[in-house]
1. State yes or no: is N170 open to solvent by less than 80 Å² (accessible area, probe 1.4 Å) and among the polar types (S, T, N, Q)?
2. Sort through E73, E68 and tell me the only one that's at pLDDT below 90, in a helix (DSSP H, G or I), acidic (D, E) and under 30 Å from E138 (Cα atoms).
3. Any idea how many residues of region 234-256 are in contact with a Leu (Cβ under 6 Å, 6 or more places away or on another chain) and open to solvent by 50 Å² or more (accessible area, probe 1.4 Å)?
4. Inside region 188-208, can you point out the residues that are open to solvent by 20 Å² or more (accessible area, probe 1.4 Å), of a type outside the set (A, V, I, L, M, F, W, C) and under 14 Å from the mean Cα position of the chain (by Cα)?
5. Check N86 against each of (1) touching a strand residue (DSSP E or B) at 6+ places or on another chain (Cβ under 7 Å); (2) under 17 Å from K127 (Cα atoms); (3) open to solvent by 100 Å² or more (accessible area, probe 1.4 Å) and name the one condition it does not meet.
6. Taking region 141-154 only, how many residues are under 19 Å from N89 (Cβ atoms) and open to solvent by less than 70 Å² (accessible area, probe 1.4 Å)?
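The values are calculated or read from the model by the stated rules, or taken from the named source; none is laboratory data. Fair warning: this is a prediction, and the values are worked out from it, not measured in the lab. Here the Cβ positions follow ideal geometry from the backbone for every residue, glycine too, while neighbour counts run over all protein chains shown. Areas reflect the complete protein model, heavy atoms only, side chains present, ligands, DNA and RNA absent. Shrake-Rupley method; radii C 1.70, N 1.55, O 1.52, S 1.80 Å.
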Amino acid sequence: MKKGKLPIIISVSLVIILAITIFFINANKGISKSYEGKNIELDSEQGILLINKLESLEELKNASYDYEKLSYEDVISYVVSNSTSNEYNLKFVKLQKIRCDVTSRISFKSNSDCNIRIYDIDLLKRKAYELLNYKDLEIVSFSNNSMDCKYDNGKRLYCNIIKNKDTKKNLKLSRIKAIYDNDGEYDIYEYYLFIDFKEYERCASILGAQYCSNYQYMETPYVSDDVITEKGILYKHIFKYNEDGNLYLEKSIIVD
């Protein structure tokens, strides 16, 4: 072999190796090593269970979610939002001027009559553990955009659910990429696309200018899986079972 050809061959080989490396990096963009594991089919019994659990945790899904960092208010708000009618007593309270007087110590400012949910404290604590693996929940009074809750320092929490007239504010879309079992830790990889209708330019780039200018009066356009994958963020949701066999979301992180 001529000496002049050797550097050329080496150079070509390096280019080929580099191209292959780039291909695999792009093909696995955003996928961590923990992506490896036993694949769970999305339509299997376990897959459906995990997907349904993830969908029920919609308000907790974000890049910084970590169940150990939830505040008491976050936990109570989530439990109240995900409670069923047989888990609380409902009391109708007539509006008096600008407030609803529930007891001699509990009242809520309001513009209309109130339907107050009354929760047993022990039930709230059990639900917090079942849903979020949250132990030793401290009951506190708080108010946010969706509810106003007051603790009577006894065995009950009173909550007035705040009704928002403008319910059509955003669109949340999801596409599950894969689910893996890593020795009892279940990793769900999900493309998640959040569109705030008030962010006009971003909304129009995905849903169209006509819709984003008149979203209150129009039917939401179809968004394909390809768009969700391209425009969305890839999340990794880590699920585990606690000691009592309850499935809970331990953490959600952005992978890509």
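1. Considered against the rule, which asks whether it is open to solvent by less than 80 Å² (accessible area, probe 1.4 Å) and among the polar types (S, T, N, Q), N170 comes out as yes.
2. Matching residue, one of E73, E68: E68.
3. Final tally of qualifying residues: 2.
4. Y191, Y192
5. Every listed condition holds for N86 apart from (1).
6. Number satisfying all stated conditions: 8.
Okay, residues lined up against (1) within 19 Å of I51 (Cα to Cα); (2) open to solvent by 70 Å² or more (accessible area, probe 1.4 Å); (3) of a type in the set (G, A, S):
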site: I139; (1), (2), (3): no, no, no
site: R156; (1), (2), (3): no, yes, no
site: I176; (1), (2), (3): yes, no, no
site: Y180; (1), (2), (3): yes, no, no
site: Y186; (1), (2), (3): yes, no, no
